[in-house]
Amino acid sequence: MIKVMASGVFDILHLGHIHYLKESKSFGDYLVVIIASDYYAEKHGKELIFNEKERAQMVSELRVVDEAVVGHSNDNIFQTVAEQKPDIITLGYDQKFDDSYIESECRKLGLNTKVKRVSPYNGIINSSSKIRKKILETM
């Protein structure tokens, strides 16, 4: 079984998220999605509407997702990687992580994890920030 791990905040679900998760699942047999903890998301500038438990529940309801887990409330993303032991970690086309750094850190954990970037979603509204802006424009 090939275990794929995807991650994100997933505060306002949209078609860009669905695209990311469907393409992630296509790389393996089992998709675990790591939901950014409230602490981590807020530390990185996110103004959340839903808390981590609500976001995890929403994502877990998606057919393509086998498991949704809230990440740890610290800055060590590799703690969750060590626990999940994924074969593949997928990143969104716009996620600001260094692919080779992630693979190198995984090797230090004794994992042979590969990193794959998913393709961009070409819809007009493909981010939570664009949805927020659109909502505010209509008020």
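Below is a table of values for the structure above.
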{"read-out": "Over 19 Å between alpha carbons, listed pairs 85/116; 22/134; 22/116; 53/108", "value": "22/134; 53/108"}
{"read-out": "Long-range amide H partners of residue 89 with built H, under 5 Å", "value": "5, 114, 115, 116"}
{"read-out": "Structure-based [θ]222 nm, the chain - -39500 (n - 2.57) summed over DSSP H runs of at least 4, per residue, nearest 500", "value": "-11000 deg cm²/dmol"}
{"read-out": "Anchor residue 130: aspartates and glutamates whose Cα lies under 16 Å away (excluding residues fewer than 8 positions away in-chain)", "value": "11, 47, 94"}
{"read-out": "Kirkwood-based Rg to Rh ratio, the chain, C-alpha trace", "value": "0.96"}
{"read-out": "Linear extension gain, residue 78 paired with residue 103, 0.36 nm per residue minus alpha-carbon span", "value": "7.9 nm"}
{"read-out": "Spin-label proximity, residue 30 to segment 75-111 - amide N less than 19 Å from point 7 Å beyond Cα toward beta carbon", "value": "79-90, 110-111"}
{"read-out": "DSSP loop trypsin sites (Lys or Arg not before Pro) with at most 13 other Cβ within 10 Å: longest gap in the chain", "value": "1-62"}
{"read-out": "Among beta bridges that DSSP assigns inside the chain, antiparallel share in %, nearest 5", "value": "0 percent"}
{"read-out": "Accessible area expressed per residue, the chain, with surrounding protein chains retained (probe 1.4 Å, Å²)", "value": "58 Å²"}
{"read-out": "Surrounding net charge for residue 90, when Lys and Arg each add one and Asp and Glu each subtract one, Cβ distance under 12 Å", "value": "+3"}
{"read-out": "Rounded to the nearest 10 Å², the accessible area of residue 14 at probe 1.4 Å", "value": "20 Å²"}
{"read-out": "Carbon + sulfur, % of accessible area of the chain - ligands and nucleic acids excluded, 1.4 Å", "value": "54 percent"}
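The values are calculated or read from the model by the stated rules, or taken from the named source; none is laboratory data. Every value quoted in this text rests on a predicted model; they were computed, and no experiment measured them. Reconstructed Cβ throughout: ideal geometry from the backbone, glycine too, with neighbour counts over all protein chains shown. Just so you know, the surface numbers come from the protein's heavy atoms only, side chains and all, with ligands and any DNA or RNA stripped out. Shrake-Rupley method; radii C 1.70, N 1.55, O 1.52, S 1.80 Å.
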